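Asks: What follows is a structure written as structure tokens; I'll ask about it next.
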Amino acid sequence: MPMQLDTGAIKAESRSLLRTGEVNPFRMTLFYLLITLVLDMINSGVSYMIDSAGGFTVLSFSFVSILVGLVALVLNAGYYCYCFGILRREEMPYESLFDAFPFAGKVILLSIVEGVFIFLWSMLFVIPGIAAYRYSFAMLNLCENPELGVMEALDLSKRQTNGYKMQLFLLQLSFIGYQIAAVLIALLYEYVIISYLPDSLSGAVLGALIYGVLSAVVGVYLTPYLNLSTCRFYQLATAPQVNEPPHFDSWNDNF
């Protein structure tokens, strides 16, 4: 039977680790957010040029936009690798953020396949959020064991999350205060700040810069806190259990 995990203890442990490591999570998160900000600024500039261009130019700019998105996916996986290292009490330098690049192809393919599966579940009138939790451990499996295949990581996640989906949902829900603050920043940007920006390439890039800086006010604390907590939850939920009997999952997905 799945354990009832102590989310309070998980969050307390994550808070205690926020200043550890060769590069502590706050500094690593600033480094990560800075790279993400640069990617967002490039993407915003490219998106503006796509809207105002035509023909072959659109295809060229679209390729750049897709490439930026793929790099962001791999960096996100690298951040998970960093979090796992911190949980193992290892010294994680700045370059550990790029640990997922050796298996970047799997990261990208997994993200695509997972998105397709969630879409297909939604076509069967399954709430997409439930399907997303079904595969929520897939990327973590890959980060912990890059030798896994994409389908192996997804199949493992389906079994590992059985009985833990609601607990994981409640853990993530406990961060709602920070998430509301992030939403308010997004609304402030969308309905107030953006109206003062010029409709030009420089305006698009400046807008991405302003939004990135504002988001970092919350993100520099929320990102490591939430990700460390999620990774620790994964470790506890997937720890070997002796003679585990069959159990009922309140978010049963055997449709």
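The values are calculated or read from the model by the stated rules, or taken from the named source; none is laboratory data. Note that the coordinates shown come from a computational prediction; the quantities given were computed from them, not determined experimentally. Quick reminder, even Gly has a Cβ in these numbers, built from the backbone with ideal geometry, and neighbours come from all protein chains shown. Only protein heavy atoms, including side chains, enter the accessible area calculation; ligands, DNA and RNA are left aside. Shrake-Rupley method; radii C 1.70, N 1.55, O 1.52, S 1.80 Å.
Asks: So what are the ³J(HN,Hα) numbers for segment 108-121, from phi and the Karplus equation (6.51, -1.76, 1.60; θ = phi - 60°), rounded to whole Hz, Gly and Pro as x?
Replies: 5, 4, 4, 4, 5, 5, 4, x, 5, 4, 5, 4, 5, 4
Asks: Which angle from 0 to 90°, rounded to the nearest 10, does the C-alpha axis of helix 150-160 make with the longest principal axis of the chain?
Replies: The angle comes out near 50 degrees.
Asks: Quick one: compute the contact order of the chain, relative version, from alpha carbon pairs under 8 angstrom and 6+ residues apart, as a percent.
Replies: Computed over the chain, the figure is 30 percent.
Asks: Scan segment 70-146 for GluC sites (Glu not before Pro) in coil per DSSP, keeping those whose Cβ has at most 16 other Cβ atoms within 10 Å, and list them by number.
Replies: Those satisfying the criteria are Glu90, Glu91.
Asks: With the crude spin-label approximation of a point 7 Å out along Cα→Cβ, what separation in nm comes out for Gln235 versus Ala9?
Replies: Each label point lies 7 Å from its Cα, and together they span 1.3 nm.
Asks: Computing the accessible area with a 1.4 Å probe over protein heavy atoms, can you report the carbon and sulfur percentage for the chain?
Replies: 67
Asks: Compute the distance in nm between two label points, each set 7 Å from the Cα along the Cα-to-Cβ direction, one at Phe63 and one at Met123.
Replies: 3.0
Asks: Next question, about the same structure. Considering only protein heavy atoms, what per residue accessible area in square angstrom results for the chain with a 1.4 angstrom probe?
Replies: Averaged over the residues of the chain, the accessible area is 52 Å².
Asks: Could I ask something else about it? Can you compute the label reach from Tyr221? Point 7 Å from Cα along the Cβ direction, backbone N cut-off under 11 Å, restricted to segment 3-18.
Replies: none
Asks: Subtract the Cα-Cα distance of Gln179 and Ser16 from 0.36 nm times their separation in residues, and report this length gain in nm to one decimal.
Replies: Separation in residues times 0.36 nm, less the Cα-Cα distance, equals 56.6 nm.
Asks: What is the spin-label model distance, in nm, from Asp199 to Phe26 if the labels are put 7 Å beyond Cα along the C-beta direction?
Replies: Result: 4.3 nm between the two label points.
Asks: While we're looking at this one, here's another question. Given only helices, namely DSSP H runs of n ≥ 4 each adding -39500 (n - 2.57), what is the per-residue ellipticity at 222 nm of the chain, to the nearest 500 deg cm²/dmol?
Replies: Taken over the chain, the calculation gives -23500 deg cm²/dmol.
Asks: Show me the ranking of peptides 133-140, 64-71, 194-201 by mean Cβ neighbours inside 10 Å, starting with the highest.
Replies: So the peptides 133-140, 64-71, 194-201, ranked by packing, come out 133-140, 64-71, 194-201.
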